[in-house]
1. Determine, for each peptide in 156-166, 26-36, the mean count of other beta carbons within 10 angstrom over its residues, then list the peptides with the highest first.
2. Using label points projected 7 Å from each Cα along Cα→Cβ, tell me how many nm separate Lys43 and Tyr24, to one decimal.
3. Ratio of alpha-carbon Rg to the 2.2 N^0.38 Å globular estimate for the stretch 119-243, to two decimals, please.
4. Using all C-alpha to C-alpha distances in the stretch 19-75, build P(r) with 10 Å bins and read off the rounded percent in each one.
5. With a cut-off of 8 Å between alpha carbons and a minimum separation of six or more residues, what is the relative contact order of the stretch 184-242 in percent?
Amino acid sequence: MKIEQPAAPNSRPKTTNLLALAIYDFEQKAKAFHNEQACSVPKNETPEARKARDNQRKVDFAHLQCERTRIKQFAAIQATLEQYKKDNHALSKTDTGIDVLMNEAHHPTESLNNHLAAIAEPKPSVRHDAHHIVMGKGKYQQAQMIDARLALRLHGIGINDPRNGVWLPREYKDKGHWATPGAPAHKEIHRYNYETWIVSKFAIPGISKRVLIDRLRECKTVLKYGGYPPEIVKPKDTEWSGD
């Protein structure tokens, strides 16, 4: 029988829950702050040193207050995302529910923005836009794009699920940002060839949920860091299959 060594006291929890980790980190910072305040005042402390210590205490406490507010907001956003996923899963089990999912609004992208933030993917800069990997309707190949969107719905994944979203620099001049170093500009990928690429990935009969999620993850990664097919930013090519 395998015996696991117990966790050390006050060690960081072994979890992928971002909220739990944020709370743990906050508690450790707060504990360190109060331990510091409990220390005795240094002997022969000069007025200048006392003033500097008081100023640092105020700065540290203000930082803790900001962290508390941030975690509170993060908890609210995460709760909204969890409910969104549960609702989509339930809707995907009925024909009527699928119709509701298919009519879910995808513009403006505020819902996707918030859901990305809830999985620790906040907006990198004011010059970034949230992009739906599988788009709501498509512009050039609407029938095939609807089929791709239906694949998401079939497995209970909403159009505004963060797994279907990625931050992209808005215009060509915004490319090269450290958070999205290899990303194309948002305005340069709304093309025929991009839709061909997405259709080739998701508009597939019998695609499983596991494969679908893996492909969403793959698309998100290459769109952020590079490695996407160069054809997606090129002029329309009806001969290209998306591979």
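1. Ranking, from highest mean packing down: 156-166, 26-36.
2. Going from the Lys43 label point to the Tyr24 one covers 4.1 nm.
3. On the way: Rg = 13.8 Å, N = 125, 2.2 N^0.38 = 13.8 Å.
Scaled against compact globular proteins, the figure is 1.00.
4. Distribution as computed: 21, 42, 23, 11, 2 percent.
5. On the way: 43 pairs, mean separation 38.1, N = 59.
Contact order relative to length: 65 percent.
Where a number appears in this text, it was derived from the coordinates with a stated rule and is not lab data. Since the model is a prediction, treat every value here as computed from it, not as a measurement. Methodologically, a virtual Cβ is constructed for each residue, glycine included, from the backbone with ideal geometry; neighbour enumeration extends over all protein chains shown.
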